[in-house]
Amino acid sequence: LNQSIEELHELLTIAKGDTFERVKITKSIQKITDVFANQGYAFVKITPDIDKKNGEVSVTYNIKTGESVYIHDVIISGNRLTLDRVIRREIYLAPGDLYNLTDLIDSKRSLGRLGYFDEVILKRSEFQKNQIDLIVKVKEGRTGMFQAGGGYSTYLGLTFDVGINDRNVFGSGLGLGFSFQYSKVSTNYSITLTNPRIND
């Protein structure tokens, strides 16, 4: 482990002399679990032994780390439109990597920020004793938008404008937009293409 016993002690939310509260014990266990989970121990188990004597409580945290766990595969489902590679490039864990809880959480946030999906679920599935599959389930959302408007003025005459854009055109992760404005004074149009990940 990268942390000493003293460093793990600093994570505890309850200290000597504090009033006993089970919720603080639970929070302490979660903090320690997260530390181990960021070092590849996906299935660490922490059990507190509570000894009450003469109005005082002694708490011992029994930690069973198990083996370090590695990613066997990343399995993607639910993407009817979006290409697998567009999803995979937002995931910070790949086959062969040591499991890391922070990377798992950041991957879900990164997929959510894309704006392509209404729902993103990341979960673990045990493959072998020290390997897991990372299951990525997404629910496609609407990424396209159409806008139209019009008006009239004595100077411009009849005016109208149309705009179409899609943040994930054909599921490629590319953003494509087209806009057109017309009046008797001028006619303007523009086409935009955005690639947020040139090298994937």
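The values are calculated or read from the model by the stated rules, or taken from the named source; none is laboratory data. Please read these numbers as outputs of a predicted model, since none were measured by experiment. When we count neighbours, we look across all protein chains shown, and the Cβ atoms used for this are built from the backbone with ideal geometry, even at glycine. Accessible surface is based on the protein model in full, side chains and every heavy atom, while ligands, DNA and RNA are left aside. Shrake-Rupley method; radii C 1.70, N 1.55, O 1.52, S 1.80 Å.
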* Structure fact -> The long-range amide H neighbours of H72, using H built 1.01 Å from N in the peptide plane and a cut-off of under 5 Å, are G96, I132, D133, L134
* Take the Cα radius of gyration of region 127-168 and divide it by 2.2 N^0.38 Å, with N its residue count; two decimals is plenty. => 2.62
* Asked: Where only protein heavy atoms count, and the probe is 1.4 Å, what is the accessible area per residue for region 1-108 in Å²?
  -> 63 Å²
* Asked: Hey, what do the phi angles of region 40-48 turn into as Karplus ³J(HN,Hα) couplings, whole Hz, using 6.51/-1.76/1.60 and θ = phi - 60°, x for Gly and Pro?
  -> x, 8, 6, 10, 4, 10, 10, 10, x
* Asked: So, with +1 on the Cβ of K and R and -1 on the Cβ of D and E, and no other charges, what is the size of the charge dipole of the chain about its Cα centre, to the nearest 20 debye?
  -> 460 debye
* Asked: If you keep only loop residues by DSSP, which trypsin sites (Lys or Arg not before Pro) in region 54-136 have at most 12 other Cβ atoms within 10 Å of their Cβ?
  -> R80, K129
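Please compute, over every Cα-Cα pair in region 80-200, the percentage with a separation greater than 19 angstrom. It would help to have the intermediate numbers written out before the result.
On the way: 4350 of 7260 pairs.
Above the 19 Å cut-off, region 80-200 has 60 percent of its Cα pairs.
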* Asked: Using alpha-carbon pairs under 8 Å, 6+ residues apart, how would you state the relative contact order of region 158-200 in percent?
  -> 34 percent
* Asked: Which whole-number percent is the relative contact order of the chain (Cα, under 8 Å, 6+ apart)?
  -> 14 percent
* To do: Would you give the gap between the C-alpha center of region 144-200 and the C-alpha center of region 5-36, rounded to a whole Å?
  => 55 Å
* Asked: Against the longest principal axis of the chain, how steep is helix 22-37, in degrees 0 to 90 to the nearest 10, with axes from Cα atoms?
  -> 70 degrees
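Taking the Cα centre as origin and putting +1 on Lys and Arg beta-carbons and -1 on Asp and Glu beta-carbons, what dipole magnitude results for region 12-87, to the nearest 20 debye? Please report the intermediate quantities before stating the final value.
Details: 11 positive and 9 negative charges, 35 e Å.
Once rounded to the nearest 20, the dipole reads 160 debye.
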* Structure fact -> If amide H atoms are modeled at 1.01 Å from N in the peptide plane, then the residues at a separation of 5 or more from Y41, or on another chain, having amide H under 5 Å from its own are V69
* Gaussian network model of the chain, Cα within-10 Å springs - most flexible of K31, K137, K52 -> K52
* Counting pairs on different chains as well as pairs 8 or more places apart, how many Lys pairs in the chain have Cα atoms under 21 Å apart? -> 25
* Protein accessible area in the chain, 1.4 Å probe - carbon and sulfur % -> 51 percent
* Which distance in Å, rounded to a whole number, links the C-alpha centroids of region 102-137 and region 39-89? -> 13 Å
* On a 0 to 90 degree scale, rounded to 10, what angle separates helix 101-113 from the longest Cα axis of the chain? -> 20 degrees
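How much accessible area per residue does region 131-172 have, counting only protein heavy atoms and a probe of 1.4 Å, in square angstrom? Please report the intermediate quantities before stating the final value.
Details: 2610 Å² over 42 residues.
I get 62 Å² per residue for this part.
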